[in-house]
Amino acid sequence: MTGETRNQLLICLEPTVSARFGSRLRQVALEQGRVLQRQGEVFEHVWFPQGALIALVSALPAGETVQTSIIGWDGALGVFEACGSRQSAFLAEVQVAGDAVCMAAEDYRQMFEASPALREQVHRYTEILLTEARQHVACNAVHSVEARLCRSLVEALERSADGRTLPMTQEALANALGVQRTTVTAAMMALQSSGAVRTGRGQIEILNPDRLEQGACCCRETLQIARRDIYRASEPVCES
Ligand SMILES: [Zn+2]
């Protein structure tokens, strides 16, 4: 099944590893809101999104929650932790419904050991996540909510199944941006007035992606270049 996968980490498995572990990979349709991993619990499974988007959420002692990362087809959930502490420091919840491939954490550890290409990809992915985290700190400090909203929508669109509709609530967007729901509502109304989006029934329809790209902060382009450079450096390993 890995021959048909969209997931960037699974695509690079060597044929022998793919054949050995393919039967242990299970395709799952993930519905919005499903919790895949709770904070503090041991990873029982590792998840490789195909079309789904998985939000990582950190809870603060006073009860506030903040989305710290989003995982799509270019990443995976649990690929470092399952080989390290094995515990989760965050809650992982499906933000946008879609398919994913999952595997028991124990099987994944064997696959990780058996595949130099997978280890290389996971190392590159770690580098990308660290780069994203640093960039997002700078972005949150400097760029406007409107520009960050446009960037978030464009990035979600790039990872979406149909490239047009995002089944995301404004509450989820507010959590992703770390702002009040009313702030997101005002920014979305402005985007709707400009003809860029249409909102309703828990989903956002993108009518004019160019308008969103124009409104997005420069962090999107910065991260695109960083991802391209990091993956380009790993291309010789990814031959399968
Ligand atoms: Zn930014």
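The values are calculated or read from the model by the stated rules, or taken from the named source; none is laboratory data. On a predicted model such as this, the values are computed, not experimentally measured, just so you know. Every residue, glycine as well, gets a Cβ built from its backbone with ideal geometry; the counts of neighbours run over all protein chains shown.
What to note about this one:
Here is a yes/no grid of residues against (1) in contact with a Lys or Arg (Cβ under 9 Å, 6 or more places away or on another chain); (2) among the polar types (S, T, N, Q); (3) over 29 Å from residue 60 (Cβ atoms):
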position	(1), (2), (3)
172	no, no, no
196	yes, no, yes
208	no, yes, yes
215	yes, no, yes
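- Here residue 142 fits the description: surrounded by fewer than 21 Cβ atoms within 10 Å (Cβ to Cβ), within 16 Å of the ligand (Cβ to nearest atom) and within 24 Å of residue 60 (Cβ to Cβ).
- Whichever residue in segment 36-72 is surrounded by 19 or more Cβ atoms within 10 Å (Cβ to Cβ) and of a type in the set (S, T, N, Q) and, among such residues, is farthest from the chain's Cα centre (by Cα): 37
- Condition met for residue 133 (touching a residue at least 24 places away in the same chain (Cβ under 8 Å), hydrophobic (A, V, I, L, M, F, W, C) and touching a helix residue (DSSP H, G or I) at 6+ places or on another chain (Cβ under 9 Å)): no
- Close contacts from segment 219-233, counting a first residue that is closer than 17 Å to residue 125 by Cβ and modelled with pLDDT under 85 and a second that is basic (Lys, Arg) and more than 15 Å from the ligand (Cβ to nearest atom), with Cβ to Cβ under 9 Å and a gap of 6+ residues or different chains, come to 230/124; 231/124; 233/124.
- The residues of segment 58-79 that are closer than 13 Å to residue 37 by Cβ and modelled with pLDDT of 90 or more, listed by number, are 71, 76, 77, 78, 79.
- Tallying residues that are within 16 Å of the ligand (Cβ to nearest atom) and either surrounded by 15 or more Cβ atoms within 10 Å (Cβ to Cβ) or part of a helix (DSSP H, G or I) (or both) within segment 204-223 yields 11.
- Residue that is nearest to the chain's Cα centre (by Cα) [pool: residues in segment 162-177 that are part of a helix (DSSP H, G or I), of a type in the set (Gly, Ala, Ser) and modelled with pLDDT under 85]: 176
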